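The values are calculated or read from the model by the stated rules, or taken from the named source; none is laboratory data. Remember, it's a predicted structure, so these values are computed and weren't measured experimentally. Here Cβ is always computed from backbone atoms with ideal geometry, including for glycine, and neighbour counts include all displayed protein chains.
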Amino acid sequence: MAERTLFTNRIYWVRSVRAGLVTALFLFPLLKAAETASWSAKDATGRGVFNIGAARGTATLVPDAGLSRDVLKLDYTIPVGAVAGVWTKGYPAGLTAAAVDLARVGARAADPSKAADIAVALEIKGGKGVQKIPVPVQGSWTSVQARIDWALVGEFKEAVFVVTPVGSDRTGTVFLDIQFQKGPTVENTTVPGAVRLLDASGRGVFNIGISEAKISVVADDKLKRDVLRMEYRTPASTVAGVWTKGYPGTLASRSINGVRAGVRTASAEQARQIAMVLELKGSKGVQRISIPLTAGWSTLQASIDWALIGELKEAVFVLAPVGGHRQGFVALDLEFAQFAMAKRRPAGALTLMDAQARGRSTSARRRPKSRRCSMKRSAATWPALILSFPPRRPPACGPKNIPPP
């Protein structure tokens, strides 16, 4: 009887272990997929090259030591007016809106001197429409991360890299990378009650002259929220920019007193090549706020002059080139909120801004760097010094010794 019980328990144990192994083998891939939720071009079962016009190209999947994964390599020959690229499709069924909301896209020119020869964009094609994401090209890996607009795309079909020549016929090699993954949780605001750039119901670009501009929504790792990414091509004496309008009704003088504008550049060199101004356009007038630029994020906080602008109609970023033709990418961020501004001035006190007129005086003098006045600076005092007897030493430099105009 004891032997039968032991035998029966052993059978139950074997069955339990077997059931556990089967369950683990079945659930492990699902759990792993849920944990990683990331797919690259290598996961696509189908990929190839397409040509529009007289363009030619070949695409292969090659390992990249810097990224530690396989990427696409495209060898291209593209005449002006033609297009070449790489299509990928047949991704795993898990690539859905529930599992993926971010596309990280990168490009690298094999020859850094040819990085400006081409323009690259990723097109995410679905059952409803196409989302286009411009991708910067440099001699090293440069990537952009963009939120996937599933409402626009619909059911995912394929991801396509589109390469076009810039200026003339182009031949070369470019490496392309894409990763679909679950991005970090996006913070809607950083200040309670704030209204942000992407809260506007309408946005677009404008061009003055032969400039070009495109915008897309991307996720920013530093700010931990979505921002606008602007691609621009601005020849000398042209202007490009981004307009936004249709903000919520809470953006009014009764609840908002200031604006915080941010512009992100890739380098100090790029920051010197462009000038950026924020224009707040209202029912009465326009308030213009210049944004000093540095490498990385440059942020400026300013009070809104509601008496000048009246009811806010539009917020516009205006970009102008400095020193000739400029092209590149910038990220834009905007936040309207009730900020902690400077303390109110005492009753009856006046400030510089209360002056009805102001300007630069032609008689303004710069304080000399040395401790003694120069002969040129104190020329008006020299006749008195020469005629005096006994001779006197020149007076020391100081505001009281500067002759009146």
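Observations, loosely collected:
- Across the stretch 270-295, the qualifying residues are those that are assigned to a strand (DSSP E or B) and more than 21 Å from Leu198 (Cβ to Cβ), and the one among them that is modelled with the lowest pLDDT is Ser290.
- For the stretch 296-334, the candidate set comprises residues that are part of a strand (DSSP E or B) and acidic (Asp, Glu); within that set, the residue that is nearest to Val263 (Cα to Cα) is Asp333.
- Taken over the stretch 226-246, the residue count meeting the criterion of being charged (D, E, K, R) and either surrounded by 20 or more Cβ atoms within 10 Å (Cβ to Cβ) or on the phi > 0 side of the Ramachandran plot (or both) is 3.
- Neighbours by Cβ (under 8 Å, 6+ apart or cross-chain): first from the stretch 140-165, at pLDDT below 90; second hydroxyl-bearing (Ser, Thr, Tyr) and part of a strand (DSSP E or B): Ala146/Ser216
- Residues that are under 22 Å from Pro136 (Cβ atoms) and out of contact with any Phe, Trp or Tyr (no Cβ under 7 Å at 6 or more places or on another chain), drawn from the stretch 237-260: Thr238, Val239
- Scan of the stretch 302-341 for residues that are out of contact with any Gly (no Cβ under 6 Å at 6 or more places or on another chain), farther than 17 Å from Ala275 by Cα and polar (S, T, N, Q), ordered by number: Gln338
- Inside the stretch 250-288, residues that are buried (at least 19 other Cβ atoms within 10 Å of the Cβ) and either touching a Cys at 6+ places or on another chain (Cβ under 9 Å) or of a type in the set (D, E, K, R) (or both) make up a count of 1.
- Selection of the stretch 213-257 for residues being closer than 20 Å to His325 by Cα and part of a loop (DSSP other than H, G, I, E, B) yields Pro235, Ala236, Ser237, Thr238.
- Among (1) surrounded by 17 or more Cβ atoms within 10 Å (Cβ to Cβ); (2) of a type outside the set (Ser, Thr, Tyr); (3) closer than 28 Å to Lys222 by Cβ, the one test that Gly139 misses: (1)
- Residue identified as of a type in the set (D, E, K, R) and at pLDDT 95 or above among Asp64, Asp111, Asp75: Asp75
- With respect to (1) surrounded by fewer than 21 Cβ atoms within 10 Å (Cβ to Cβ); (2) out of contact with any Leu (no Cβ under 6 Å at 6 or more places or on another chain), the lone exception for Thr88 is condition (1).
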